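The values are calculated or read from the model by the stated rules, or taken from the named source; none is laboratory data. This is a predicted model, so every value here is computed, not measured. Cβ placement follows ideal geometry from the backbone for every residue including glycine, while neighbour counts extend to all protein chains displayed.
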């Protein structure tokens, strides 16, 4: 599918849409509409049919996702695999942390035991 000189000319005649002037916007719309016929003939219906099929697939996926959202909250909010097992252990971890209270932290630590007595070595001669 090589571009011919006629198609390049038609594409070059389309004015820019980067303007804030009302006359410039009207000129862009008018030139785009004039070029619409030759460009659709050149680029053909194959691309358009492909887009229609892609839109059909997108609608099917969106409908399936909508049903999924209504039934169980959707794919976006579904917990990752293994999350339910991890969430059951969260309570146990919190219970272990709660065992230690503030009163335990503020008390003085227990005194250290006295050091063992020094032993003297006695030599028998």
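Here are the numbers for the structure shown:
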read-out	value
Failed criterion for residue 15 (all others in (1) assigned to a helix (DSSP H, G or I); (2) at pLDDT 85 or above hold)	(1)
Residue check for residue 74: under 30 Å from the mean Cα position of the chain (by Cα), modelled with pLDDT under 75 and surrounded by 10 or more Cβ atoms within 10 Å (Cβ to Cβ)	yes
Single unsatisfied condition, residue 45 versus (1) loosely packed, with under 11 Cβ neighbours inside 10 Å; (2) modelled with pLDDT of 80 or more	(2)
